[in-house]
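Structure first, then comments.
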Amino acid sequence: GLDFDLQILFETRKNQNYKGHGLPKGKEREQRASIRFKTTLMNTLMDVLHHRPGWVEVKDEGEWDFYWCDVSWLRENFDHTYMDEHVRISHFRNHYELTRKNYMVKNLKRFRKQLEREAGKLEAAKCDFFPKTFEMPCEYHLFVEEFRKNPGITWIMKPVARSQGKGIFLFRRLKDIMDWKKDTRSSDDQKDDIPVENYVAQRYIENPYLIGGRKFDLRVYVLVMSYMPLRAWLYRDGFARFSNTRFTLNSIDDQYVHLTNVAVQKMSPDYHPKKGCKWMLQRFRQYLASKHGPEAVETLFSDMDNIFIRSLQSVQKVIISDKHCFELYGYDILIDQDFKPWLLEVNASPSLTASSQEDYELKTCLLEDTLHVVDMEARLTGREKRVGGFDLMWNDGPVSREDGAHDLSGMGNFVTNTHLGCVNDRKKQLRQLFRSLQGQKKTSN
């Protein structure tokens, strides 16, 4: 049984102290005939990996070149695993510095202070994109002080290490959180095993931008290939997730009004998957442009770019940058009525399970393009600014758009290479890209 397997595993671990991956040596990156992959996730990812030419799945203890693992594997095994040069794995060792709500805020606060020291208040203000947040229970007293300054406003309480809207509630009175402790029980869902008591209390955005009277947030995908130096790609597609019920602050106990997680919404009495809780970002961008004009939209989207970059910079020095690691993050952004984007959280394991056909296509393409950028096949030159639906937005510094696009912001002519919610003609781009790469190979040989 399992205990016996663990025993054997432990014995072998004792003898070699780590498991090597990507051996035998001597094979250079170019010549690998097949890429051995492993994954624990049974969803869109499986389909994408199985359809990829030359990739073969390995089961159990087999040697692998590419492992799309879950974060719990990381905790148990990363430090005991030897990886060859070419091997790649889908998370950074301590990704939680960005993806746990309390650590993210701690790192952003520290980064903001550092910016203020080094570059002044104006620069530091560019980090003001997360709502006032306190870690509970340890910052409870600070929280109470802040709470009393603004009586009557709404706060939201979130467990730091749970996902899909679990354990979240809104409150306006201190006595509401006195009872909270009694109700928190451990659940089997803890992605990161820390005591469930850790929550953050966060100021609730009371003036969200509404569409059709409904609240929504945005899911945006950012792929980080390295932290030192910082190298990050932004995906063109993403979606707005709508709540099913019209927004009001009068019913703060109604989850379906306040939480947009699909996992929460599909339990709602009004949920119709066909009617859809999701809009693609292209549709969202067009809707805003027709209502508010293209300049307002450009500004909003460049404010979002600022969030992606600053949040990554805030953890750049604390995340262990390892050349074997890459990570695909799901950013959750909320927009308020003043057109200000707020960072709600960053997910290290964004859902790859499709909730509709359109969703399936988005996620399939997202994952295919992620694998193109990770480039196990060693086809890229490393100088690409675009690969499929991904645009390189930061490469140890901002990346500019090549096509000399006209600048709407009047900030001189530097325009960041981001195209969130713009046309994603990825198939055509990939055909051209791989054709030109073949051409370069031929001429160099």
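The values are calculated or read from the model by the stated rules, or taken from the named source; none is laboratory data. Worth saying up front: this structure is predicted, and the values here are computed from it rather than measured. We place every Cβ from the backbone using ideal geometry, glycine too, and count neighbours over all the protein chains shown. We work out accessible area using only protein heavy atoms, side chains counted, and drop any ligands, DNA or RNA first. Shrake-Rupley method; radii C 1.70, N 1.55, O 1.52, S 1.80 Å.
Just the residues that are open to solvent by 10 Å² or more (accessible area, probe 1.4 Å), of a type in the set (A, V, I, L, M, F, W, C) and either modelled with pLDDT of 55 or more or within 28 Å of residue 277 (Cβ to Cβ) (or both), please, taken from the range 162-195.
Passing the criteria: 168, 169, 170, 174, 178, 180.
Being at pLDDT 90 or above and among the hydroxyl-bearing types (Ser, Thr, Tyr) is the filter here, so list the residues in the range 57-77 that pass it.
The answer is 67, and nothing else.
Collect the residues in the range 324-365 that are in contact with a Leu (Cβ under 9 Å, 6 or more places away or on another chain), of a type in the set (Phe, Trp, Tyr) and not in a loop (DSSP other than H, G, I, E, B), keeping them in residue-number order.
Listed by number, the residues that qualify are 329, 331, 342.
Mind listing whichever residues of the range 131-161 are under 23 Å from residue 330 (Cβ atoms), open to solvent by less than 30 Å² (accessible area, probe 1.4 Å) and of a type outside the set (Val, Ile, Thr)?
131, 157, 158, 159, 161
Could you count how many residues in the range 107-126 are in contact (Cβ under 8 Å) with a residue 40 or more places away in the chain and not in a helix (DSSP H, G or I)?
Residues that pass the stated criteria total 0.
Can you tell me which residue in the range 78-93 is modelled with the lowest pLDDT, limited to those that are open to solvent by less than 30 Å² (accessible area, probe 1.4 Å) and not in a strand (DSSP E or B)?
Here the answer is 78.
Testing residue 124 on (1) modelled with pLDDT of 95 or more; (2) farther than 24 Å from residue 316 by Cβ; (3) touching a Lys or Arg at 6+ places or on another chain (Cβ under 6 Å), one condition comes back false. Which one is that?
With (1) modelled with pLDDT of 95 or more; (2) farther than 24 Å from residue 316 by Cβ; (3) touching a Lys or Arg at 6+ places or on another chain (Cβ under 6 Å) applied to residue 124, the lone miss is (2).
What residue, of 46, 42, 104, is among the aliphatic types (A, V, I, L, M) and not in a helix (DSSP H, G or I)? Give the derivation first.
Numbers: 46 fails: not in a helix (DSSP H, G or I); 104 fails: not in a helix (DSSP H, G or I).
None of the others qualify; the one that does is 42.
Checking residue 238 against (1) closer than 19 Å to residue 353 by Cα; (2) at pLDDT below 95; (3) outside any loop (DSSP other than H, G, I, E, B); (4) of a type outside the set (Asp, Glu), which test does it fail?
Answer for residue 238: the failing condition is (2).
So for the range 295-314 (the condition being part of a strand (DSSP E or B) and of a type outside the set (S, T, N, Q)), does at least one residue qualify? Give the derivation first.
Residues of the range 295-314 that are part of a strand (DSSP E or B), as a first pass: none.
No - not one qualifying residue is present in the range 295-314.
Take residue 67 and decide whether it is open to solvent by 50 Å² or more (accessible area, probe 1.4 Å) and in contact (Cβ under 8 Å) with a residue 12 or more places away in the chain. Full working, then the answer.
Numbers: open to solvent by 50 Å² or more (accessible area, probe 1.4 Å): no; in contact (Cβ under 8 Å) with a residue 12 or more places away in the chain: yes.
Spelling it out, it is not the case that residue 67 is open to solvent by 50 Å² or more (accessible area, probe 1.4 Å) and in contact (Cβ under 8 Å) with a residue 12 or more places away in the chain.
Yes/no per residue for (1) under 30 Å from residue 143 (Cα atoms); (2) at pLDDT below 95; (3) open to solvent by less than 10 Å² (accessible area, probe 1.4 Å):
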position	(1), (2), (3)
208	yes, yes, yes
213	no, yes, no
222	no, no, yes
244	no, yes, no
261	yes, yes, no
269	no, yes, no
274	no, yes, no
279	no, yes, no
310	yes, no, no
